[in-house]
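The values are calculated or read from the model by the stated rules, or taken from the named source; none is laboratory data. From a predicted model like this one, the values you see are computed outputs, not experimental measurements. In this analysis, Cβ positions are derived from the backbone assuming ideal geometry, glycine residues included, and neighbour counts consider all displayed protein chains. Note: areas computed on protein heavy atoms with side chains; ligands, DNA, RNA excluded. Shrake-Rupley method; radii C 1.70, N 1.55, O 1.52, S 1.80 Å.
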Amino acid sequence: MVADRRDTENLVIDALLYQNDRMYTQALDTPGSDADALDEQALELRFLARVDAEQKIEPKDWMPARYRNTLIRQISQHAHSEIVGMLPEGNWITRAPSLKRKAILIAKVQDEGGHGAYLYSAAETLGVSRDQLIDQLLSGKAKYSSIFNYPTPTWADVGAIGWLVDGAAIMNQIPLCRCSYGPYARAMVRVCREESFHQRQGYDLMLQLAQGTAEQKKMAQTALDRWWWPALMMFGPSDANSTHSAESTRWKIKRFSNDELRQKFVDFTVPQAEFLGLTIPDPLLRWNEPAQRYDFGPIDWSEFEQVLKGNGPCNAERLAARRDAHAQGAWVREAASAYAEKRKHHAG
Ligand code: FAQ
């Protein structure tokens, strides 16, 4: 029975993904055609001057190999996060408590699939294929956001994800709309608009629960207890341990540090929790008047490291679900390729 439900959910998720793929796949430019006589150093100086002048770097422009690799790494991790991120909430599509909530949830999960497809396309402009990236995810080589390795045992977890996870995602992604790489920056504009809507629907769900029966309010509180600390970890390691920040900041991929964004998120979210009448699970949380920000307790980085190593509560389940879905979707990919071949044949 459980297996049947999961199969149905995987099929729904893959159908949504496939539909989004068709909508968002775009023609690609191949990099590296900017072959002029300048040597590498001069090219790099020109590249840095363009970044400093806030000009967008486009796929056909010359770029340092490390910049290209950093972007492939970050954009593909981001794409994988969106796709794996469909699973925790997708778990509730068949059990949403009303038709309206079900329709909202299907649309939200479909949006996340669209973001993934959109981001894979942005990564492909850097000269890597979607198949390569998906292989890296399914083989367990690629990272995706730590947050999606946590379970969603109650309906309130769907609300907590919208409120906190999409909320953290927006905080991190709004500055990415100004990222120096054009295709990523442009993708982020659309993604942020949708994430903002997701955050509101999550908050609305939490508000209904918080204003509901004592049992519903307790369910909302327990979900907040579960998601608060993992949401803070989404922003990545502390600045002192962030290996990529220096270069990514120099290249204007990153505009704020991990700790700066985490702090903004806390400052933004604590009043929202107060409005809900819920308690942030942090006894050290205090308003710091002189600094005009909330001070918060220490993050358990050993938990973050364990999740990154594959030992989080749901890492194995998430990867297994993606592998199954990929295998079950093979016939769809084959049918689409056969159809494309047929059309090519007719056109020729
Ligand atoms: N989880 O040097 P840094 C969403 C890794 S989308 C796992 O600071 P960086 C939408 C990092 O990759 C959520 N790994 O790295 C949604 C690196 O490892 P590597 C995803 C993490 O790149 C909502 C190492 O630690 N968002 O939620 C994490 O400068 C609801 C060192 O870290 C994005 O991907 C983590 N949390 O900064 C979907 C946004 N943090 O590659 C469904 C774009 C760090 O050397 C439902 N990405 N690591 O092996 C970014 O802004 C950056 O990549 C950071 C990390 C800020 C995540």
Q. Hey, any idea what % of region 36-131's accessible area is carbon plus sulfur with a 1.4 Å probe?
A. 56 percent
Q: Over region 168-225, calculate the relative contact order: mean separation of alpha carbon pairs under 8 Å at least 6 apart, over the residue count, as a percent.
A: 21 percent
Q: Mind computing the radius of gyration and Dmax over the alpha-carbon atoms of the chain? Å is fine for both.
A: 21.2, 72
Q) Measuring from centroid to centroid over Cα atoms, what is the spacing of region 79-155 and region 276-301 in Å? A) 30 Å
Q | Ranked packing of 199-207, 65-73, 279-287, most packed first, by mean Cβ within 10 Å | A | 199-207, 65-73, 279-287
Q.
I'd like the accessible area for LYS252: 1.4 Å probe, protein heavy atoms, all chains in place, Å² to the nearest 10.
A. 50 Å²
Q. What ranking of HIS244, HIS345, HIS78 comes out by heavy-atom accessible area, probe 1.4 Å, highest first?
A. HIS345, HIS244, HIS78
(Q) Net charge around GLU54, counting only other residues with Cβ within less than 9 Å of its Cβ (Lys, Arg = +1; Asp, Glu = -1)? (A) +3
(Q) Please identify the DSSP H helices in the chain that span no less than 24 Å along the helix axis (Cα) and have a mean Kyte-Doolittle hydropathy of -0.5 or more. (A) 99-124, 182-210, 258-276
Q) R0 = 56 Å: FRET efficiency of ALA240 with GLU215, Cβ-based, nearest 0.05? A) 0.85
Q.
Run lengths n ≥ 4 of DSSP H only: what is the helix-derived mean residue ellipticity at 222 nm for the chain, with -39500 (n - 2.57) per run over all residues, to the nearest 500?
A. -21000 deg cm²/dmol
